[in-house]
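I'd like to ask some things about the structure below.
The values are calculated or read from the model by the stated rules, or taken from the named source; none is laboratory data. Here the structure is a predicted model, which means the values were calculated and not measured. A quick note on method: Cβ atoms are made from the backbone with ideal geometry, for glycine too, and the neighbour counts reach across all protein chains shown.
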Amino acid sequence: MSKKPEKPKTQEGLTAKKTENFSEWFQQLILKADLADYTSVSGCIVFKPTAWAIWEKIRDEVDKRIKKMNVKNVYFPMFIPESLLAKEKEHIKGFSPEVAWVTHAGDTKLSERLAVRPTSEAIMYESFSKWIRSWRDLPLKCNQWSNVVRWEFRHPVPFFRTREFIFNEGHTVFATKKEAEAEEMQIVNMYKEILEKYMAIPGVIGRKTDKEKFAGAEYTTTIETYLPNGRMIQGPDFHYDGQNFSKAYNIKFLDKNGKEEFAWQNTWAISTRMLGVMFALHSDNKGLVLPPTLAPNKIVIVPIKFEKNKEILKKAREISKKLSRYDPFLDERLEVTPGYKFNEWELKGIPLRIEIGPNDLKKNQVVIVRRDNQKKTTVKNRDLRKKIDSELEEMQQELFKKANELLRKNLSKAESLQDAVKKINQKKVVLVPLKNSKDIEDILKEKTKGAKTLNRPMNQPKIKGEKCIVSGEQADYWVYIGKSY
């Protein structure tokens, strides 16, 4: 009697539980699902092929949409002279703790320090000031896909908080304030579509407080989303910069009346942080769960007992060829059991598994198993493509529905600090009345042991007569508060 194949010792499932130790579970998920790896540089990770393929898809979908808005892709240097960075005081103040500096070339000290790009306003706007002379040069709409370095934090988390990450930087310049502000919801809705349609991620759209807005902006609009550990995380954002940067970098033009004016500007971005959000939001204790729309390989085909029946493997290969548009894996390995294969592909997040064994071969059918809910369905071979399409679509919709329900049931409201603290301790995100004051927000963070303002919903409830939960004075707005990354 032949011995059963032994399971390789190199592949193990997740040992931490998502609801018991989210941080450990997430770090195991990232490594064991083969999404990323650590490097010898603290806070800098390797994006492995699956994660990078997903990012490429997101990049392509964003790129397609912004090009329809007449945004042109460019590329600027990653090194920024200190004198340029310092021109906009609020901007440099906001980023100064995070900047990594180049001070030497070999053994030679540079005459001026060079910042490793924390963001590109300074280096881009020097050029914009040369390119823009007349109203005919506007609007100017540029975007670059780039890496940035921000060094300040102590505890990096793969994808969520890394010292180097990848994002798009949209930089647009307009002749009027009205034109610039009109771009806000166009960009925000574009990002919302990417999050919902492709990543199955819901969010809360609103404006940051003055304390939390982008350094140098007049206001910042964000999409914030909720994670199963009770923390919110900031997603794609839009910054209306007004004339702050144009005045700092001398971006001026002659209007139609021959009058010299400073331009009006916006910036906007989506980053690789959203990969971490997607992985954490949908995955479970078995491993990775990916929205089918973004999964690089949507199907794995596992033939069973094919060692003694070559017709099973032949049929599996035939099915694989017919389903090539789904980029299927055909697992022909003999050294591991079918059960081990099932566990491995569940860990790696393949949306659908197709099983074919001796009985299936006789009946001209296969068994489809969905990754998110483990639902098994027997399907005739002639109906396979139609069933795959419906299962993938249903899975995509169910992932968004589940994530949206998680978000909505954890949004709450409070009109007192005591009630807000209680709900934050229950891992809720709380809508509260607050004064527009950085000092008030500092006190709030202290009293709640780490919660901060997230964003102010675009549709504000009535604020007249509402008291700030910190000062007791008339509040200026309603704002969501909670723990965040």
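Does region 192-215 contain any residue that is more than 20 Å from the chain's Cα centre (by Cα) and not charged (D, E, K, R)?
First pass over region 192-215, keeping only residues more than 20 Å from the chain's Cα centre (by Cα): 209-211, 215.
After this cut, where a residue has to be not charged (D, E, K, R) as well, the list is 209, 215.
There is at least one residue in region 192-215 that is more than 20 Å from the chain's Cα centre (by Cα) and not charged (D, E, K, R).
A quick yes/no check of all residues on (1) outside the structural domain of Gln374 (by TED's automatic domain parsing); (2) surrounded by fewer than 17 Cβ atoms within 10 Å (Cβ to Cβ); (3) of a type in the set (Phe, Trp, Tyr); (4) not in a helix (DSSP H, G or I):
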position	(1), (2), (3), (4)
Lys423	yes, no, no, no
Lys427	yes, yes, no, yes
Asn436	yes, yes, no, yes
Glu441	yes, no, no, no
Glu446	yes, yes, no, no
Pro461	yes, yes, no, yes
Gly465	yes, yes, no, yes
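Residues are listed down the side, and each one gets a yes or a no for (1) of a type in the set (Phe, Trp, Tyr); (2) free of Cβ contacts under 8 Å to residues at least 24 places away in the same chain; (3) touching a helix residue (DSSP H, G or I) at 6+ places or on another chain (Cβ under 7 Å); (4) under 21 Å from Ser40 (Cβ atoms):
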{"residue": "Gly106", "(1), (2), (3), (4)": "no, yes, no, no"}
{"residue": "Lys141", "(1), (2), (3), (4)": "no, no, no, no"}
{"residue": "Val148", "(1), (2), (3), (4)": "no, no, no, yes"}
{"residue": "His155", "(1), (2), (3), (4)": "no, yes, no, yes"}
{"residue": "Val173", "(1), (2), (3), (4)": "no, no, yes, no"}
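Can you spot a residue in region 395-404 that is buried (at least 18 other Cβ atoms within 10 Å of the Cβ), modelled with pLDDT of 95 or more and either in contact with a His (Cβ under 6 Å, 6 or more places away or on another chain) or among the β-branched types (Val, Ile, Thr) (or both)? Full working, then the answer.
So in region 395-404, the residues buried (at least 18 other Cβ atoms within 10 Å of the Cβ) come out as 395-396, 399-400, 403.
Going one step further and asking which of them are modelled with pLDDT of 95 or more, we end up with 395-396, 399-400, 403.
Retained after the next criterion (residues that are either in contact with a His (Cβ under 6 Å, 6 or more places away or on another chain) or among the β-branched types (Val, Ile, Thr) (or both)): 399.
Yes, that holds for at least one residue.
Do any helices (runs of 4 or more DSSP H) lying entirely in region 227-334 carry at least 2 residues that are modelled with pLDDT of 95 or more and under 30 Å from Glu12 (Cβ atoms), and which ones are they? Quick ask: steps written out before the conclusion?
Details: elements: 244-249, 273-282, 310-322.
Correct list: 273-282, 310-322.
Take Thr272 and tell me if it is without any contact (Cβ under 8 Å) to a residue 60 or more places away in the chain and closer than 23 Å to Val71 by Cα.
On the way: without any contact (Cβ under 8 Å) to a residue 60 or more places away in the chain: no; closer than 23 Å to Val71 by Cα: yes.
No; evaluated as a whole, the condition is false for this residue.
At pLDDT 95 or above and crowded, with 18+ Cβ neighbours inside 10 Å: does that describe Phe79?
no
Sticking with this one: Considering each residue of region 380-392, count those that are in a helix (DSSP H, G or I), loosely packed, with under 15 Cβ neighbours inside 10 Å and without any contact (Cβ under 8 Å) to a residue 40 or more places away in the chain, and give that number.
The initial filter retains those residues of region 380-392 that are in a helix (DSSP H, G or I), namely 381-392.
Right, trim to loosely packed, with under 15 Cβ neighbours inside 10 Å and you get 382-383, 385-386, 389-390.
If we keep only those that are without any contact (Cβ under 8 Å) to a residue 40 or more places away in the chain too, we end up with 382-383, 386, 389-390.
Residues that pass the stated criteria total 5.
Another question, then. Of the conditions (1) under 13 Å from Ile166 (Cα atoms); (2) surrounded by fewer than 16 Cβ atoms within 10 Å (Cβ to Cβ); (3) among the basic types (Lys, Arg), Lys64 clears all except one; give me its number.
The one condition Lys64 does not meet is (1).
For region 196-217, which positions are in contact with a Leu (Cβ under 9 Å, 6 or more places away or on another chain) and either closer than 12 Å to Glu90 by Cα or part of a loop (DSSP other than H, G, I, E, B) (or both)? Working first, answer last.
Pass one, region 196-217, residues in contact with a Leu (Cβ under 9 Å, 6 or more places away or on another chain): 198-204, 206, 208-209, 212.
Met199, Ala200, Ile201, Pro202, Gly203, Lys208, Thr209, Glu212 - these are the residues of region 196-217 that are in contact with a Leu (Cβ under 9 Å, 6 or more places away or on another chain) and either closer than 12 Å to Glu90 by Cα or part of a loop (DSSP other than H, G, I, E, B) (or both).
Kindly establish whether Leu431 is under 17 Å from Gly230 (Cα atoms), at pLDDT 95 or above and over 21 Å from the mean Cα position of the chain (by Cα). First the steps, then the outcome.
Details: under 17 Å from Gly230 (Cα atoms): yes; at pLDDT 95 or above: yes; over 21 Å from the mean Cα position of the chain (by Cα): yes.
Spelling it out, Leu431 is indeed under 17 Å from Gly230 (Cα atoms), at pLDDT 95 or above and over 21 Å from the mean Cα position of the chain (by Cα).
Looking only at region 93-118, which residues are surrounded by 12 or more Cβ atoms within 10 Å (Cβ to Cβ) and part of a loop (DSSP other than H, G, I, E, B)?
Across region 93-118, the qualifying residues are Val99, Arg117, Pro118.
Restricting attention to region 306-322, does a residue exist that is of a type in the set (S, T, N, Q), surrounded by 18 or more Cβ atoms within 10 Å (Cβ to Cβ), touching a helix residue (DSSP H, G or I) at 6+ places or on another chain (Cβ under 7 Å) and not assigned by TED's automatic domain parsing to the domain that holds Tyr198? Full working, then the answer.
We begin by selecting, within region 306-322, every residue of a type in the set (S, T, N, Q); these are 309, 320.
Checking the rest, the ones that are also surrounded by 18 or more Cβ atoms within 10 Å (Cβ to Cβ) come to 320.
The next check asks that each one be touching a helix residue (DSSP H, G or I) at 6+ places or on another chain (Cβ under 7 Å); those that pass are none.
No, region 306-322 contains no residue that is of a type in the set (S, T, N, Q), surrounded by 18 or more Cβ atoms within 10 Å (Cβ to Cβ), touching a helix residue (DSSP H, G or I) at 6+ places or on another chain (Cβ under 7 Å) and not assigned by TED's automatic domain parsing to the domain that holds Tyr198.
All but one of (1) buried (at least 18 other Cβ atoms within 10 Å of the Cβ); (2) outside the structural domain of Ser40 (by TED's automatic domain parsing) hold for Arg163, so report the exception by its number.
(2)
Hey, could you check region 222-267 for residues that are aromatic (Phe, Trp, Tyr) and over 17 Å from the mean Cα position of the chain (by Cα) and say which is nearest to His282 (Cα to Cα)? Explain how you work it out, then say what you get.
From region 222-267, those aromatic (Phe, Trp, Tyr) are 226, 238, 240, 245, 249, 253, 262, 264; that's our starting set.
Cutting the leftovers down to over 17 Å from the mean Cα position of the chain (by Cα) gives us 240, 245, 249, 253, 262, 264.
Values: Tyr240: 32, Phe245: 39, Tyr249: 44, Phe253: 49, Phe262: 46, Trp264: 40 Å.
The qualifying residue nearest to His282 (Cα to Cα) is Tyr240.
Residues in region 130-152 that are outside any loop (DSSP other than H, G, I, E, B), more than 32 Å from the chain's Cα centre (by Cα) and surrounded by 17 or more Cβ atoms within 10 Å (Cβ to Cβ): how many? Step through it out loud before you land on a result.
Step one: filter region 130-152 for residues outside any loop (DSSP other than H, G, I, E, B), giving 130-131, 134-137, 140-149.
Within this subset, residues satisfying the condition of being more than 32 Å from the chain's Cα centre (by Cα) are 130-131, 134-137.
With surrounded by 17 or more Cβ atoms within 10 Å (Cβ to Cβ) added as a condition, the list becomes 135.
Looking only at that region, the number is 1.
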